[in-house]
Amino acid sequence: MAKYALRESALHLLTRIGEQGGYSHVLLDQEINKRSLSNKDGALLTEIVYGTLQNKRKIEFQIQPYIAKQKKIKPWVKWLLYMSVYQMLYLERVPDHAVIHEAVEISKKRGHKGVVSFMNGVLRNVQRKGVQDTSAIDNKVERLAIETSHPAWLVSRWVDQYGWELTAGMCRQNLKRLPMSVRIQPLRISRAEATTELKERGITVKESALSSQGLLVEEGRIIDDRLLTEGYLTVQDQSSMLVAEMMDLKPGLTVLDACSAPGGKTTHIAEKMKDQGSVTAYDLHEKKAKLVDEKAILLQLQSIEAKQADSRRLHELHEVEAFDRILLDAPCSGLGVMRGKPDIKYHKTESDIFALRNIQDDLLDSVAPLLKVGGKLVYSTCTVDRHENEQAVERFLQQHPEFEIDPTFTEDLPEEVLGSVGLTEFGLQLFPQEWDTDGFFLTRMVKK
């Protein structure tokens, strides 16, 4: 890339994500593709953007003594400081003098002499004097929130729900990069065949304990490998793979996936049914429904039909008791996927949790009549909040006495998770530190 271009790209992305609410993973992919970055440059850009976002609150605290007298700092100046300090404190392979030089040069291009002097002064102070230490914070919830760059309201909420030790472990795990996992398309390739072929290209994987189709990438770049681009594998977190594994699927069933995009779980369902039967998939947005179709085509699956609809109104499109299985992977706060989408923790508020819960309740109530007697309903979210998970299930069961938690639910869980601290009478909450996965909840109910 041209001189300073990679850091300028990082600054552009961080300012857009931090100030305008853009999605980090989407914008990063777009930037890497638009600029046709090499693997090395793409990895560095990703590291700077994600690392800065992951550690933003802590960096703010660490440099506060050096910026306290500055009355107003423009957004781009603030983010240039954050990303520069991140590189100085966390990226050993980038020399401090190089970071400072690039930050000053970018300041010269974008700002006036005062900005250049301010940027140089703050970064030189960080280099010479170090940064403010969090040990001075008396309140331990606030200290943990700053050390792990989480909002204090969220840390406090988790402590109330799960206790200190579990919360601290979850917050610290959220700072670590989520390992990539992929799912084989078993109608096209076996796990053993995929493992052998990937190894020949220097990509090392190991089998997931949560899914018979899952592989965890230990070493090597898999994202542009032919097995992925040609539909023999698909990227999916192993916690998400557990959903289809727990739906008690077999060939010939009629299945509804009520909130299906981008199609990872939908296609997994079809694979578990050996592509025999029917999977009707809906999404609120037509563009997202098309993503499900595209994924099905890539994986060579014929049993999926993806459509646009509001799943709260599916009773207008389907008769009662039309489906053997229903998956409701509900819209949620996403507080379990912050490792891959660190901007979530700065954009979500406590009120969002309660607003989303209303949608979750409406969706559960709406799809319940569409399930056959004896059929099974799986409810899942990618969050770690009891209000959206166990409490949502408890309310549903109270309102719908014809449903109960499937008595065989725990019998079908992988043996490894049976001792999980998140296993309750209402389902399974996976915490990111337990399996090095996303935070995820699922349960299975049966219509009596």
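The values are calculated or read from the model by the stated rules, or taken from the named source; none is laboratory data. Remember, predicted model here, so these are calculated numbers, not experimental data. We place every Cβ from the backbone using ideal geometry, glycine too, and count neighbours over all the protein chains shown. For the accessible areas, the whole protein counts, side chains as well, though only heavy atoms, and no ligand, DNA or RNA atoms are used. Shrake-Rupley method; radii C 1.70, N 1.55, O 1.52, S 1.80 Å.
The table for this structure:
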quantity	calculated
Of residues in the stretch 305-318 being in a helix (DSSP H, G or I) and of a type outside the set (Asp, Glu), the one most open to solvent (accessible area, probe 1.4 Å)	Arg313
In the stretch 187-240, residue nearest to Gly336 (Cα to Cα) [restricted to those that are touching a Phe, Trp or Tyr at 6+ places or on another chain (Cβ under 8 Å) and assigned to a loop (DSSP other than H, G, I, E, B)]	Asp237
Matching residues, the stretch 216-251, being of a type outside the set (S, T, N, Q) and within 20 Å of Asp406 (Cβ to Cβ)	Met241, Leu242, Val243, Ala244, Glu245, Met246, Met247, Asp248, Leu249, Lys250
Segments classed as helices (runs of 4 or more DSSP H), wholly inside the stretch 55-156, with at least 3 members that are without any contact (Cβ under 8 Å) to a residue 40 or more places away in the chain	75-90, 96-110, 113-129, 140-147
Matching entry among Glu19, Glu31 (being more than 16 Å from Arg110 (Cα to Cα), surrounded by fewer than 16 Cβ atoms within 10 Å (Cβ to Cβ) and touching a helix residue (DSSP H, G or I) at 6+ places or on another chain (Cβ under 8 Å))	Glu19
Unmet criterion (only one of (1) modelled with pLDDT of 85 or more; (2) touching an Asp or Glu at 6+ places or on another chain (Cβ under 8 Å)) for Gln64	(2)
Tally of residues being crowded, with 18+ Cβ neighbours inside 10 Å and either on the phi > 0 side of the Ramachandran plot or outside any loop (DSSP other than H, G, I, E, B) (or both) across the stretch 160-186	11
Count - residues of the stretch 328-358 that are modelled with pLDDT under 95, closer than 19 Å to Leu430 by Cβ, touching a helix residue (DSSP H, G or I) at 6+ places or on another chain (Cβ under 8 Å) and not in a loop (DSSP other than H, G, I, E, B)	1
The one condition in (1) closer than 24 Å to Thr443 by Cα; (2) in a loop (DSSP other than H, G, I, E, B) that Gln302 fails to fulfil	(1)
Exclusive hit being open to solvent by less than 40 Å² (accessible area, probe 1.4 Å), farther than 29 Å from Ile326 by Cα and at pLDDT below 95, set Ile222, Ile203	Ile222
Candidate set: the stretch 261-298, residues that are open to solvent by 10 Å² or more (accessible area, probe 1.4 Å) and more than 23 Å from the chain's Cα centre (by Cα); chosen: the one nearest to Gln213 (Cα to Cα)	Lys272
Cross-chain or 6+ apart pairs with Cβ under 8 Å, the stretch 197-224 first and more than 15 Å from Arg183 (Cα to Cα) and in contact (Cβ under 8 Å) with a residue 60 or more places away in the chain, then surrounded by 14 or more Cβ atoms within 10 Å (Cβ to Cβ) and not polar (S, T, N, Q)	Arg221/Ile203
Unmet requirement for Ala10, which otherwise passes all of (1) more than 20 Å from the chain's Cα centre (by Cα); (2) within 24 Å of Lys176 (Cα to Cα); (3) free of Cβ contacts under 8 Å to residues at least 60 places away in the same chain	(3)
Failed condition for Asp324, given (1) in contact with a helix residue (DSSP H, G or I) (Cβ under 6 Å, 6 or more places away or on another chain); (2) in a strand (DSSP E or B)	(1)
Test: Gln238 is over 27 Å from Ser38 (Cβ atoms) and open to solvent by 40 Å² or more (accessible area, probe 1.4 Å)	no
Total residues in the stretch 375-408, condition more than 27 Å from the chain's Cα centre (by Cα), free of Cβ contacts under 8 Å to residues at least 40 places away in the same chain and crowded, with 16+ Cβ neighbours inside 10 Å	1
